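First comes the structure, then the notes that go with it.
The values are calculated or read from the model by the stated rules, or taken from the named source; none is laboratory data. Predicted model, so just to flag it, every value in this text is computed and none were measured. When we count neighbours, we look across all protein chains shown, and the Cβ atoms used for this are built from the backbone with ideal geometry, even at glycine. These area figures cover heavy atoms from the full protein model, side chains too; ligands, DNA and RNA do not enter into them. Shrake-Rupley method; radii C 1.70, N 1.55, O 1.52, S 1.80 Å.
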Amino acid sequence: MTDTNELIRLSAAQLAEKLRAGEVTSVEVTQAFLDRIAAVDGGERGVNAFLHVNTEEALAVAAEVDAIRAAGGAAAEELNELAGVPIAVKDLIVTIGQPTTAGSKILEGWHSPYDATVVKRLRAAKMPILGKTNLDEFAMGSSTEHSAYGPTRNPWDLDRIPGGSGGGSAAAVAAFEAPLALGTDTGGSIRQPGAVTGTVGVKPTYGSVSRYGAIAMASSLDQIGPVSRTVLDSALLHHVIGGHDPFDSTSLPDPLDDLVAAARVGNVEGLRVGIIKELHGEGFQAGVENRFNDSLELLKEAGAEIVEVSCPNFQYALGAYYLIMPSEASSNLAKFDGVRYGLRVLPEDGPMTIERVMGATRAAGFGDEVKRRIILGTYALSAGYYDAYYGSAQKVRTLVQRDFDAAFTVADVLISPTAPTTAFKLGEKLNDPLAMYLNDIATIPANLAGVPGLTLPGGLADEDGLPVGIQLLAPARQDARLYRVGAVLESLLEAKWGGPLLAQAPELAPSIETQEAK
Amino acid sequence: MSTDATLSFEEAMEKYDPVLGFEVHVELNTKTKMFSSAPNVFGDEPNTNVNEVDLGMPGVLPVVNRTAIESSIKIGLALNCKIAESCTFARKQYFYPDTPKNFQTSQYEDPIAYDGYLDIELSDGTIFRVEIERAHMEEDAGKLTHMGGSAGRIQGADFSLVDYNRSGVPLVEIVTKPIEGAGSRAPELAKAYVAAVREIVKNLGVSDAKMERGNVRCDANVSLRPHGRERFGIRSETKNVNSLRAVEHAVRYEIQRHAAVLDSGEPVVQETRHWHEDTRTTTSGRAKSDADDYRYFPEPDLVPIVASREWVEELRATLPEPPAARRKRLQADWGYSDLEFRDVVNAGVMDEIEETIAAGASATVARKWWMGEIVGRAKNADVDPGQLGVQPATIVELNRLVEDGKINNKMATEVLDGVLAGEGTPAEIVEKRGLAVVSDDGPLLEAIDAALAAQPDVAEKIRGGKLQAIGAIVGGVMKATRGQADAARVRELILEKLGVEG
């Protein structure tokens, strides 16, 4: 048996290999991660990546996989490549048997009667689900500070944010509490946390992974995707969760090219890599810019051709996003009214009408950022303002798509820093929504256009020693290209660092409670 | 509830010209709902035909029911509409607990069918063309029941129950253009229009078309303007008009009410009105203005519906014969005169007669029962004949009882009343009420002996060959048996007894 401290640091692909070879059991692996969660997640200075830990069910699934493997034969042969490899699920994705809160008080204690399509696929692949990860309430935020259940801390520096909204999934993977996690990305909620925690995250092509069971923020932008520590691991997970789903009308009918093969092969020879003029330089931290340039150098050395492209309409993308996203969110969140499920708050005095019960419930159940976006969106869709706001934003969206189309005529993939800065301090931008929104400046265009994006660690910034993310973007349906390029860049960078970037992360001290327990 | 002033219909017509408009909602009879796989079934236990989609659970997504699209296209084609090559859904947003997502998924800017017309035949045979603006798809809301208040109204209720079985049932809303020029025939046209729509969707097989179940629901818009003026008056929209007779009455009432308001010099309030069948009046609902802000925006969870021309033509080829052709055929099949047939159509029992014939009755028998008995009863009960509760099989059974000599015609009408009173099947009622024609010869022979003994002179005349005198003896027997004897059999027995050849 491998030392559990080594075990949790293995990639999902390595764990899968050891499981297949019989060197370790899924119960051992799963228990190792559950122990790690117990050690580092709770307490005053814990990572707080998990809102719920699913110990019993995870171990039961692990034991089932072990039994199938032990019995051998066809059933063992037919096991999914990731069978027995545990995973964490963002608490925006519904699961039978565990609470789903969306990081909100309004859903506290709610249990979904159905599984999201991606969760069904995890179950079919027999991947033990470790638990549900923290997020900004209804995925609205870039720091996980807007969670009703307290912020998640960045494993690189516990006083800093892990990004958002999927800070829980990214931190869980970065802190070796899980080898894999699911995230959702509406404007960067997988990629920006990936960047600031030194992990890998992918926003797939819109429609390539079913949204059924992901609690909607902005339906036309939301996309579920993988969170991992390596490019190959994301490809493996993307393969498990992707593909057509008849329950999602926006789901693409045809499968993507082989993602896993692309990640395993890796090749940039003769590839045209486009630097987006508008997405680096001014407004980007110097250390971020330096690491970005390192990656460009490595790609050039490996045989890629670096070209510069201009996407002039990207300057309007953030503005358009902050009209379309809240408009759709205001509508999607209307269902949380206390009538059928979740929190119900009665008005303290006055008549007990349904309008007043709904009002009291929503006033008490939603946090400030959610209310801010509901108000924005309701206003933007109002009669007399629709054309000026929602209508104009949709036009910008079309222009952003055209910028991408033009850029992809001269480049095979586009590259940029994933986030303009490294992780900032907890509380630093909490009362400055506009500063918070600027975190997503580089990730939002991909959501508006529906194209896929991948972030991978690009090194540590000189000023603060914190991780920098490199973003790769490809045309719609060309997700395989991201894995092909990402795998090359990852191996070049790791060769330079002499190992994975996360190996340089500080050791996490066991939480106070854990120490006391011992 | 205050009573509104009204003018007489005649006076209203002298002064004003009515303009009508209708929104008819048709519930489709698809197996599953508009956007979910839950069953679309009427009348089950509350909240049993629902799944996570119908309840608006977090994370759910809609998927369009293909059969509902087909049905909508068929309705559009039958209404002579153009069918959109591509159309979308939108979200109509308002907070109300019968709408689980707090928005209704509906069509807004681009309906699946538009620019059609329907030719309506009035009672005297004239044809009136009603222009159709659009027919669009949407989902039905759940059903609220207000408890503890008076008469199920929300005002004063202690609490409300909600049944989401109806939530997500596919609807097609058919909207007319403003209907001008109907004049004093406006109420009649209103009824005939809704009847025609109902007939179309029923013949298409896309709806159960039962108004009493809400399968076809009508909102009637009425406005008046002085004769000769082009600009429309301010309209009211009367909701909940759920029978053909109610449509006629509601339009007539609103014309009379509007006329009184206009006569008083006040402006008509643009508002929703609620129809009350019991008082045959409307009351004010909520004020409705064109500025109601539903914050419509394109439904991002659905992709556009593309109706290829090939598909539309395939569907067109499956359409049943149009109502006018069908009427011509039925009249010929049944052998009714023009007048007889028009009466049948105007009484609204054409479908019922067709079903009764299909159940085994002759065309004559079916007409006799529906026109002779049921229409009158429906009028007295103030309901549409089809809603009275008479099944085609009941009529066939009644007729068979008469033909078999078990009961006579007079008794049969009594049995019909029993059926309507819910006493059981015709056979059960005959049994219970002891209505059977006396067919056992024993009691008859006794009665005959008594009658002959009472009138020996008449008996003598009959023996002498004066057969026409037999009526007096038959009458005596019938009296003695309180009309339950079969008169023909009585006559036979008398002749036998007296040894006379009939």
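Here are the numbers for this structure:
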{"read-out": "Boolean, B:VAL344 is open to solvent by less than 60 Å² (accessible area, probe 1.4 Å), under 23 Å from B:GLU248 (Cα atoms) and at pLDDT 85 or above", "value": "yes"}
{"read-out": "Members of the range B:268-283 that are open to solvent by 60 Å² or more (accessible area, probe 1.4 Å) and at pLDDT 90 or above", "value": "B:VAL269, B:HIS274, B:THR279, B:ARG280"}
{"read-out": "Residue list for the range B:119-144, restricted to those being β-branched (Val, Ile, Thr) and open to solvent by 10 Å² or more (accessible area, probe 1.4 Å)", "value": "B:THR126, B:ILE127"}
{"read-out": "Residue match in the range A:446-455 (condition: under 30 Å from A:GLU494 (Cβ atoms), within 14 Å of chain B (Cβ to nearest Cβ) and not β-branched (Val, Ile, Thr))", "value": "yes"}
{"read-out": "Residue list for the range A:233-246, filter: crowded, with 20+ Cβ neighbours inside 10 Å and either within 14 Å of chain B (Cβ to nearest Cβ) or basic (Lys, Arg) (or both)", "value": "A:ASP245"}
{"read-out": "Per-region count, the range B:80-118, residues surrounded by fewer than 17 Cβ atoms within 10 Å (Cβ to Cβ), of a type in the set (Asp, Glu) and modelled with pLDDT of 95 or more", "value": "2"}
{"read-out": "Count of residues meeting criterion [touching a helix residue (DSSP H, G or I) at 6+ places or on another chain (Cβ under 9 Å) and free of Cβ contacts under 8 Å to residues at least 12 places away in the same chain] in the range A:262-294", "value": "1"}
{"read-out": "Meets criteria (within 13 Å of chain A (Cβ to nearest Cβ) and in a loop (DSSP other than H, G, I, E, B)) for B:PRO111", "value": "no"}
{"read-out": "Tally of residues being over 28 Å from the mean Cα position of the chain (by Cα) and either more than 22 Å from B:ARG91 (Cα to Cα) or of a type in the set (A, V, I, L, M, F, W, C) (or both) across the range B:246-305", "value": "18"}
{"read-out": "Condition check for B:VAL344: aliphatic (A, V, I, L, M) and either within 14 Å of chain A (Cβ to nearest Cβ) or in contact with a strand residue (DSSP E or B) (Cβ under 7 Å, 6 or more places away or on another chain) (or both)", "value": "no"}
{"read-out": "Filter pass, A:TYR206 being within 14 Å of chain B (Cβ to nearest Cβ) and open to solvent by 20 Å² or more (accessible area, probe 1.4 Å)", "value": "yes"}
{"read-out": "B:ASP263 vs. criteria in contact with a strand residue (DSSP E or B) (Cβ under 6 Å, 6 or more places away or on another chain), over 30 Å from A:ASP387 (Cα atoms) and among the acidic types (Asp, Glu)", "value": "no"}
{"read-out": "Residues located in the range A:304-343, provided they are hydrophobic (A, V, I, L, M, F, W, C), within 14 Å of chain B (Cβ to nearest Cβ) and either open to solvent by 10 Å² or more (accessible area, probe 1.4 Å) or in contact (Cβ under 8 Å) with a residue 60 or more places away in the chain (or both)", "value": "A:LEU323, A:ILE324, A:MET325, A:ALA329, A:LEU333, A:PHE336, A:VAL339, A:LEU343"}
{"read-out": "Selected residue [of a type in the set (Ser, Thr, Tyr), assigned to a loop (DSSP other than H, G, I, E, B) and within 13 Å of another protein chain (Cβ to nearest Cβ)] from A:TYR385, A:TYR379, A:TYR389", "value": "A:TYR385"}
{"read-out": "Residues that are among the small types (Gly, Ala, Ser) and under 19 Å from B:ARG231 (Cα atoms), drawn from the range B:1-38", "value": "B:ALA12, B:GLY21"}
{"read-out": "Failed item, numbered, when B:SER71 is tested on (1) small (Gly, Ala, Ser); (2) touching a Pro at 6+ places or on another chain (Cβ under 8 Å); (3) within 12 Å of chain A (Cβ to nearest Cβ)", "value": "(3)"}
{"read-out": "Strands (runs of 3 or more DSSP E) wholly inside the range B:128-209 containing at least 2 residues that are modelled with pLDDT of 95 or more and within 15 Å of B:GLU23 (Cα to Cα)", "value": "B:170-176"}
{"read-out": "Selected residue [of a type in the set (S, T, N, Q) and farther than 20 Å from B:GLY214 by Cβ] from B:THR238, B:THR272, B:THR281", "value": "B:THR281"}
{"read-out": "Residue within the range B:239-248 that is part of a loop (DSSP other than H, G, I, E, B) and either closer than 24 Å to B:TYR193 by Cβ or open to solvent by 10 Å² or more (accessible area, probe 1.4 Å) (or both) present", "value": "yes"}
{"read-out": "Residue match in the range B:35-53 (condition: touching a Ser or Thr at 6+ places or on another chain (Cβ under 6 Å) and within 14 Å of chain A (Cβ to nearest Cβ))", "value": "yes"}
{"read-out": "Residue that is over 30 Å from A:TYR437 (Cα atoms), more than 13 Å from chain B (Cβ to nearest Cβ) and among the hydrophobic types (A, V, I, L, M, F, W, C), where the choices are A:LEU135, A:LEU130", "value": "A:LEU130"}
{"read-out": "Residues of the range A:344-365 satisfying the condition of being open to solvent by less than 50 Å² (accessible area, probe 1.4 Å) and within 14 Å of chain B (Cβ to nearest Cβ)", "value": "A:VAL357, A:MET358, A:GLY359, A:ALA360, A:THR361, A:ARG362, A:GLY365"}
{"read-out": "Residue tally, condition among the hydroxyl-bearing types (Ser, Thr, Tyr) and assigned to a helix (DSSP H, G or I), over the range A:335-365", "value": "1"}
{"read-out": "Test: residue in the range A:176-183 that is open to solvent by 10 Å² or more (accessible area, probe 1.4 Å) and over 22 Å from A:GLY242 (Cβ atoms)", "value": "yes"}
{"read-out": "Count of the range B:210-232 residues which are surrounded by fewer than 20 Cβ atoms within 10 Å (Cβ to Cβ) and not in a strand (DSSP E or B)", "value": "10"}
{"read-out": "Residue that is farthest from B:ARG129 (Cα to Cα), among those in the range B:74-93 that are in contact (Cβ under 8 Å) with a residue 40 or more places away in the chain, of a type outside the set (A, V, I, L, M, F, W, C) and more than 14 Å from chain A (Cβ to nearest Cβ)", "value": "B:SER86"}
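Per-residue answers, yes or no, for (1) away from chain A (no Cβ under 14 Å); (2) open to solvent by less than 60 Å² (accessible area, probe 1.4 Å):
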residue: B:ARG295; (1), (2): no, yes
residue: B:PRO300; (1), (2): no, yes
residue: B:ARG309; (1), (2): yes, no
residue: B:VAL312; (1), (2): yes, yes
residue: B:ALA317; (1), (2): yes, no
residue: B:PRO320; (1), (2): yes, yes
residue: B:ASP333; (1), (2): yes, no
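Quick grid of which residues meet (1) free of Cβ contacts under 8 Å to residues at least 12 places away in the same chain; (2) among the β-branched types (Val, Ile, Thr):
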residue	(1), (2)
A:MET358	no, no
A:ALA364	no, no
A:ARG373	no, no
A:THR378	no, yes
A:SER382	yes, no
A:VAL413	no, yes
A:PRO420	no, no
A:PHE424	no, no
